[in-house]
1. Could you run through the stretch A:68-85 and say how many residues are modelled with pLDDT under 85 and small (Gly, Ala, Ser)?
2. When you check residue B:64 against the structure, is it facing chain A (nearest Cβ under 7 Å) and either in a helix (DSSP H, G or I) or closer than 26 Å to residue A:32 by Cβ (or both), yes or no?
3. Quick check on my filter: what residues within the stretch A:150-188 are closer than 26 Å to residue A:260 by Cβ, of a type in the set (S, T, N, Q) and outside any loop (DSSP other than H, G, I, E, B)?
4. When the stretch A:189-223 is examined, which residues are found to be in a strand (DSSP E or B) and over 22 Å from residue A:175 (Cβ atoms)?
5. Select from the stretch A:179-197 the residues that are under 16 Å from residue A:233 (Cβ atoms) and either touching a residue at least 40 places away in the same chain (Cβ under 8 Å) or touching an Asp or Glu at 6+ places or on another chain (Cβ under 7 Å) (or both) and list them in ascending order.
6. Identify, please: which residue in the stretch A:168-214 is touching a Ser or Thr at 6+ places or on another chain (Cβ under 8 Å), of a type in the set (Ser, Thr, Tyr) and under 18 Å from residue A:149 (Cα atoms) and is, among those, modelled with the lowest pLDDT?
7. Would you confirm, using the coordinates I've provided, whether residue B:59 is at the interface with another protein chain (Cβ under 10 Å from one of its Cβ atoms), under 13 Å from the mean Cα position of the chain (by Cα), without any contact (Cβ under 8 Å) to a residue 60 or more places away in the chain and under 21 Å from residue A:49 (Cβ atoms)?
8. Please go through the stretch B:9-42 and pick out each residue that is under 18 Å from the mean Cα position of the chain (by Cα) and more than 7 Å from every other protein chain (Cβ to nearest Cβ).
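The values are calculated or read from the model by the stated rules, or taken from the named source; none is laboratory data. Model, not experiment: these values are computed from the prediction. Please note: Cβ atoms are built from the backbone with ideal geometry, for glycine as well, and neighbour counts cover all protein chains shown.
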Amino acid sequence: MPDTAAPPNDRVNTPLLTLITQQSLDEDYRHVADRKALEPGAQRRTSGIAAIVVAVFGVLVTVAALQTQQGEDVRSASRTTLITQIDEGRANLSELQRRIVRLRELNVGLQSHRDEVTSDQLGAEARVQRLAASTGFGAVTGPGVKITVDDNPDGTLVRDRDLRPAVNGLWQAGAEAIAVNGNRLTARSAIRNSGIAIRVNNRSLSPPYVITAIGNENTLQANLMQTTSGLVFRNTVESLGFPWSMDNADQLFLPAAPPRIARLRSAEAGTAEQNQNQHRKEAPQ
Amino acid sequence: MIAALGLLVGIVLGVMFQPDVPLGLEPYLPIAVVAALDAVFGGLRAYLDGIFDDKVFVVSFVSNVVIAAAIVYLGDKLGVGGQLSTGVIVVLGIRIFSNVAAIRRHLFHA
């Protein structure tokens with residue numbers, strides 16, 4: 001730093017703002033003026049350069065002002081764009097909220113529908129279980145009657161037509177489920193001979209033959225003996241000399257019939273008229 | 001007189017051509033303008049004091065502009081650009097005010 005008018009100590013002690021105010025004019029002007037005063041011969045140049053510099057200053061000011069103005073335009077334009085975007089977003093939001101409300105209502109409707117369907121399903125399942133029990137495709141337990149028949153020791157064998165009256169009589173007497181040697185009887189079960197063996201549900205049985213029937217244990221035996229089939233059975237068994245017994249049982253377990261015999265091969269669901277229409281529709285293909 | 005003419009010519013040129021400022025220099029233009037303003041008012045005061053000199057004016061103008069822009073550039077690089085430009089504006093503003101006060105004393109003898 002060149003020497004200033006003030007001694008160094010003063011300069012250090014002067015507050016910054018005061019210093020700035022005191023030296024607001026470039027000291028160089030004073031220095032040059034002092035030097036010129038010492039050298040009166042120095043020529044004074046024209047102020048052409050100063051004019052050019054001032055012109056540059058004018059250009060600077062103009063350009064800065066124009067730039068700021070353009071920036072302002074861009075800012076306000078972007079502000080307008082932002083406002084538009086906000087409005088669009090708000091409209092979008094309210095549309096989405098309306099959609100939420102609609103979907104909620106739909107959801108409530110669907111849920112009540114689902115509840116209906118679920119209760120229908122539960123009802124149908126219960127019905128299926130009841131039907132399975134009564135048709136023989138579901139295992140059942142309960143009190144009932146147990147009839148045991150064996151071959152005559154003299155060699156006379158029990159045949160299918162000897163057992164059938166017992167089963168028919170039990171059905172007539174009010175039995176709810178019947179099994180022969182653990183083979184559950186269904187609408188598609190038959191008791192028939194194949195050679196010397198009796199077969200039920202395509203399974204060969206071996207003596208002694210045990211007919212278990214679930215029903216009212218107080219009335220089943222008596223009712224059986226009042227039916228024609230029951231009497232036929234007793235007469236046959238006694239005349240042929242088969243050892244037999246008939247007892248009440250408190251707890252009988254009857255297994256389900258094998259599902260393979262539940263398959264319908266030719267029968268189709270529906271009434272005859274419906275099926276005829278179905279066949280007519282399929283015929284042209 | 002010639003200086004006033006130069007200012008007019010400069011403004012007219014700026015309006016006519018509207019030169020594009022490079023994007024990198026754009027933040028330093030306002031600070032450069034304020035620094036130039038300080039140099040111009042200093043020159044005017046010196047003229048009225050009768051000690052005006054072309055060379056000193058040109059040098060002070062150029063150095064003012066360059067140094068002001070450089071300080072703000074450095075501040076930007078250090079992450080204190082805003083604060084530094086505020087400081088530069090304060091110092092230059094005080095100088096401009098005191099110079100204008102001196103000019104006023106010369107013109108109105110008050």
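1. Selection size over the stretch A:68-85: 1.
2. no
3. Of everything in the stretch A:150-188, those that are closer than 26 Å to residue A:260 by Cβ, of a type in the set (S, T, N, Q) and outside any loop (DSSP other than H, G, I, E, B) turn out to be A:168, A:183.
4. Applying the first criterion (in a strand (DSSP E or B)) to the stretch A:189-223 yields A:191-194, A:197-200, A:203-205, A:209-214.
Listed by number, the residues that qualify are A:193, A:194, A:197, A:204.
5. Answer for the stretch A:179-197, where residues must be under 16 Å from residue A:233 (Cβ atoms) and either touching a residue at least 40 places away in the same chain (Cβ under 8 Å) or touching an Asp or Glu at 6+ places or on another chain (Cβ under 7 Å) (or both): A:185, A:191.
6. Among them, the one singled out is A:204.
7. The answer is yes for residue B:59.
8. B:25, B:27, B:28, B:31, B:34, B:35, B:37, B:38, B:39, B:41
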